[in-house]
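The next block holds one structure in the form of structure tokens; read it before the comments.
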Amino acid sequence: MFDQIAFRYDFMNRFLSGGIDVYWRKRAIKELKELKPQYVLDVATGTADVALTTWKYLQPNKIIGIDISEGMLELGKQKVAKLLLNNHIELQKGDSEAINFPDNTFDAITVAFGVRNFENLEKGLSEMYRVVKPGGKVVILEFSKPRKVWFKGFYNLYMKIIAPQAGRWLTNSKDAYQYLNKSVKAFPEGETFLHILNKVGFSDTTLKRLSLGICTIYCARKKAS
């Protein structure tokens, strides 16, 4: 599905969010500023938007981006090459539930709009816990549902009807954007997700809601040895 919509993925993100997704990524990456990580893993990197944002604001020595969609990765590689960042950002095919790196490898891990697509959420989070170093930090950006009653009606209309219809017009794939709505609804957000992070071993778990609650930043740490 993601291979099929890859050619319009970046455009659709900007279009459907009114461009605010750029701010969300920037806000999430700033959660790592104090840590100053030098080796970063971006899980479900897609077209490398988060990897590129990480480089722009933190400039670590190396960023590895993994994704299972070759179509998305190909576009991401083109963007990285265009900015002459091949020495700093490396994109490779990889499964978030079987991360092909040794234990305690990365200073930090980022995921944007990817964890709700994990087939086995706890397994994916456990893999992230395994490969992040003790004292390292994980920052997860994910869609959530607004709590303001006055806003819920518009939000539901947008996610149920407007987004899928726009997806059909612009990518010939209404199903992908119907899936977006279903996956957001099914995701165990908020305090429930923090509980899952704690369950797999993370500590210092926090959340910050953005844009009336339609997006949330989750942060977690791996205890220092």
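The aspartates and glutamates whose alpha-carbon is closer than 14 Å to the alpha-carbon of residue 185, local same-chain residues fewer than 8 away aside, are 142. The order of the peptides 144-153, 108-117 by mean Cβ neighbours within 10 Å, most packed first, is 108-117, 144-153. Residue by residue, the stretch 56-73 carries 3J(HN,Hα) couplings of 4, 9, 10, 6, x, 5, 8, 10, 9, x, 10, 7, 8, 8, 5, x, 5, 4 Hz when phi is fed to the Karplus relation 6.51 cos²θ - 1.76 cosθ + 1.60 (θ = phi - 60°); x denotes Gly or Pro. Which entries in 56/152; 62/160; 33/79; 56/182 show an alpha-carbon gap greater than 31 Å? Those over the limit are 56/152; 62/160; 56/182. For a modelled paramagnetic label at residue 152, 7 Å from Cα along Cα-to-Cβ, the residues of the stretch 194-225 in reach, with backbone nitrogen under 20 Å, are 209-216.
Summing Lys, Arg as +1 and Asp, Glu as -1, what charge do residues with Cβ under 11 Å from the Cβ of residue 90 carry, residue 90 excluded? Its environment carries a net charge of +1. Charge tally around residue 60: other residues with Cβ under 15 Å, Lys/Arg +1 each, Asp/Glu -1 each, net +2. Counted by Cβ distance under 12 Å from residue 120, the other residues give a net charge of -4, where Lys and Arg count +1 and Asp and Glu count -1.
Bear in mind these aren't lab numbers, they're just calculated from the coordinates by the rules spelled out. All values derive from a computational prediction rather than experimental measurement. Glycine also receives a Cβ, built like all others from the backbone with ideal geometry; neighbour counts cover every protein chain displayed.
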